[in-house]
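These notes are about the structure you will find just below.
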Amino acid sequence: MKALLEMLRVLLSGDQKADRVVPPSGFTARLTVFTAGAMAFLAVFSLALALATGRLADRWSAELARTATVRISAPDGQMQAQSQAVLRVLETTPGIKSARVLTDAEQRKLLEPWFGPDLPVDTLPIPRLIEVVETQDGPDIEGLRLRLSAEAPGAIFDDHTRWRRPLIDAASRLRLLAAFSIALIALSTGAMITLAANAALAANATVISVLRLVGARDTYIARAFVRRFTIRAFLGATVGTLAALLGVILLPSAAEEGAFLTGLGFRGWHWILPLLIPFLAGIVAFWSTRAAAFRTLKGLT
Amino acid sequence: MIELASAAYSYGGGDILTDLNLRLAPGSFHFLTGPSGSGKTTLLRLCYMQLLPSAGNVRIFGNNVHEMTRDEVATTRRRIGIVHQDCQFLDHLSLTDNIALPLDVAGRDAEAEMGNLKELLSWVGLSAQANALPPQLSGGERQRAALARAVIMSPDVIIADEPTGNVDWEMGLRLLKLLVELNKMGKTILIATHDLNLIRNAKSQISARVLRIHNRRLQLAGADL
């Protein structure tokens, strides 16, 4: 822990002597800055996707969880009586906010995509639908089902579970994929920086050899590379993050209906999260370069 | 200071050096000679831990090289001044910065020791080249700069590999004079060279032991030197 704090102190304060012993490198510097920038850009959008799908899953879950449908299939003569019985049951059930029978026009509209606009709903044996809005706590589903079966044998309570679950599962999978993408981006950043660090270490083999021979410890040599790559990754990631945030800000604003693509952005305190990406890139670069440097130095006498 | 006991070094299955026995006493002056490819540089590298013996023991300042950590190797090297045949400088740093490098890596303030540094540059005759980059220096200047870097930490031992190999006779004598001066200050010197005239010249000034590598073994050179 003490060594780590010392490394951080040196990283932040800088060590001009250690810095200048390694000559400025060209392509590895540009490669690191570009990689960190590009990866940060992608990470911001993955993060936005993860947060948006999370919000979507929550919304679908909340909205669908608060509504249910009672479907009544009964002979013509009993339909009205069973509907009234169901409404009475629902009105006296705790956890039910409201319940109403869908009109013929509403039912026709629901069936219109499949049967066209001229469907004679009143002449066909179509089940009667009752829309149920639940309170936040919701009813005791099993108890309600038992009461409905006793009062109206043709009534079936549907809490939308079989619709809701796949939708929520899909949104959750998307969120998982986005999180996995962020992890992959972090690993790829680490791998790219390791490659760049290895290239820089190989290009400076003579410098390292001279430093070892004049009595430099591994930490002294590693520090020069680690600090350089950490700062480059941080700066690159800062530029990438800012560019991506600008892209997110310029996205069309989310519609009230919550269209998925237009809702791809940050809300509230979530805006803080992308600002952490440059620091994460710096941490990834710090450990990648440190590991690469010590691995290389271990092979030298 | 440096002690080799039945030390050997093998590479790729073949023996490069075998049954090496050597003890560098404090303040001693040793020459190491032998034909090209005989293993002089290898022996020197064993002495400053760039190579580890494949058999036997090498002890530096009383420590077995096989038991030293990497940090201990680094700090031990600060007590050994090394002059390479090819000098090995950091070409992007000025001569002054190169000579001050051992101070920097040891965490000492080179700025505070600028007085010593200037004195050292003057001692090796390189005051005018203080700000020059290594590629701008001649062979002799590079050798003298390497010697200055080797002694900046006031090491106990100075190991030089063909320090006069790339310079003319006059410059070789000048370098030898510097090494003799260091020896008179109490430094232990080990020089690998195939220049027998240089050895003869040194023996006329100081008491030096001459070692020779023959058939991969180290032996005391005969009266022909």
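The values are calculated or read from the model by the stated rules, or taken from the named source; none is laboratory data. Owing to the predicted nature of the structure, the values given are computational and were not obtained by experimental measurement. So basically every Cβ, Gly included, is an ideal-geometry build from the backbone, and we count neighbours across all protein chains shown. In case anyone asks, the SASA skips ligands and DNA or RNA and just uses the protein heavy atoms, side chains included. Shrake-Rupley method; radii C 1.70, N 1.55, O 1.52, S 1.80 Å.
Among the candidates A:A237, A:A244, A:A191, the residue that is in contact with a helix residue (DSSP H, G or I) (Cβ under 9 Å, 6 or more places away or on another chain), part of a helix (DSSP H, G or I) and surrounded by fewer than 16 Cβ atoms within 10 Å (Cβ to Cβ) is uniquely A:A191. Screening the candidates A:R147, A:R164, A:R128 for the property of being out of contact with any strand residue (DSSP E or B) (no Cβ under 7 Å at 6 or more places or on another chain), under 12 Å from A:V70 (Cβ atoms) and touching a residue at least 40 places away in the same chain (Cβ under 8 Å) yields one hit, A:R147.
Scanning the range B:65-79 for residues that are more than 20 Å from A:V210 (Cβ to Cβ) and open to solvent by 50 Å² or more (accessible area, probe 1.4 Å) gives B:H66, B:E67, B:T69. Listed by first and then second residue, the pairs with beta-carbon distance under 8 Å, at least 6 apart or on different chains, first residue in the range A:287-301 and at the interface with chain B (Cβ under 10 Å from one of its Cβ atoms) and closer than 24 Å to A:I231 by Cα, second of a type outside the set (K, R) and outside any helix (DSSP H, G or I), form an empty list. B:S38 fulfils the conditions (1) more than 15 Å from the chain's Cα centre (by Cα); (2) within 14 Å of chain A (Cβ to nearest Cβ); (3) crowded, with 19+ Cβ neighbours inside 10 Å; (4) of a type outside the set (D, E, K, R) except for a single criterion, (2). Scanning the range B:30-52 for residues that are in contact with a Phe, Trp or Tyr (Cβ under 9 Å, 6 or more places away or on another chain) and in a loop (DSSP other than H, G, I, E, B) yields B:G39, B:L51, B:L52. Here B:A8 fulfils each of the conditions (1) in a loop (DSSP other than H, G, I, E, B); (2) surrounded by fewer than 19 Cβ atoms within 10 Å (Cβ to Cβ) apart from (1).
Among the residues of the range A:86-124, count how many are assigned to a helix (DSSP H, G or I) and open to solvent by less than 80 Å² (accessible area, probe 1.4 Å).
11
Residues in the range B:104-129 that are open to solvent by less than 20 Å² (accessible area, probe 1.4 Å) and more than 9 Å from chain A (Cβ to nearest Cβ): B:L117, B:L121, B:V124, B:L126.
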